[in-house]
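The values are calculated or read from the model by the stated rules, or taken from the named source; none is laboratory data. These numbers come from a predicted model, not from an experiment. When we count neighbours, we look across all protein chains shown, and the Cβ atoms used for this are built from the backbone with ideal geometry, even at glycine.
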Amino acid sequence: MKSARRRSRELVVQGLYQWLVTKGDAGAIDAFVRETPDFQKADEAYYKQMFQGVVQSADELRTSIAPHLDRSIDELSPVEHAVLLVAAHELSHELAVPYKVVINEAVEITKSFGGTDGFKYVNGVLDKVALSTRAAEVNASSAT
């Protein structure tokens, strides 16, 4: 059974996928996502905060991700791109969510929506992003 937060993250990824592929209006995409049957099972406040936050800070998030990639951001699959944006936003702005939870959620969503081994790539990139954005938390975790 998926948590309301997981559903929110999945819906944000789906909306961002559409935004990245179509380059459409984020407001229209947000309205479309809110009409999907799964939306009522999501944490609406978390969805709104995440979708708007990622769209508004997409360039900043890409800058935080780029040094940890082995290719340009434009070469990422739209699913991996969307998942990395969501997770980078959570790592930077949702400090109450433990970094391991952020990475695990990203990996699970990539397993559901991404390519066969995309989750491995996402996991490796996010390990590095977490170390650069939450060094104290990562180091404290590995010290135990």
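Name the one entry in Pro67, Pro37 that is more than 12 Å from the chain's Cα centre (by Cα) and farther than 29 Å from Ala135 by Cα.
Checking each option against the conditions leaves just Pro37.
Where residues in region 99-114 are among the hydroxyl-bearing types (Ser, Thr, Tyr) and under 13 Å from the mean Cα position of the chain (by Cα), which of them is surrounded by the fewest Cβ atoms within 10 Å (Cβ to Cβ)? Taking the candidates together, the pick is Tyr99. In region 23-38, of all residues being modelled with pLDDT under 95 and assigned to a helix (DSSP H, G or I), the one that is farthest from Gly115 (Cα to Cα) corresponds to Pro37. Cβ-Cβ distances below 7 Å connect the following pairs, each with a first residue in region 74-101 that is assigned to a helix (DSSP H, G or I), a second residue that is surrounded by 14 or more Cβ atoms within 10 Å (Cβ to Cβ) and acidic (Asp, Glu), and a separation of six or more residues or different chains: Tyr99/Glu137.
The set of residues in region 42-57 being of a type in the set (A, V, I, L, M), part of a helix (DSSP H, G or I) and touching a Leu at 6+ places or on another chain (Cβ under 6 Å) consists of Val54 alone. Only one of the listed residues (Asp38, Asp70, Asp59, Asp117) is loosely packed, with under 12 Cβ neighbours inside 10 Å and closer than 17 Å to Leu16 by Cα. That residue is Asp59.
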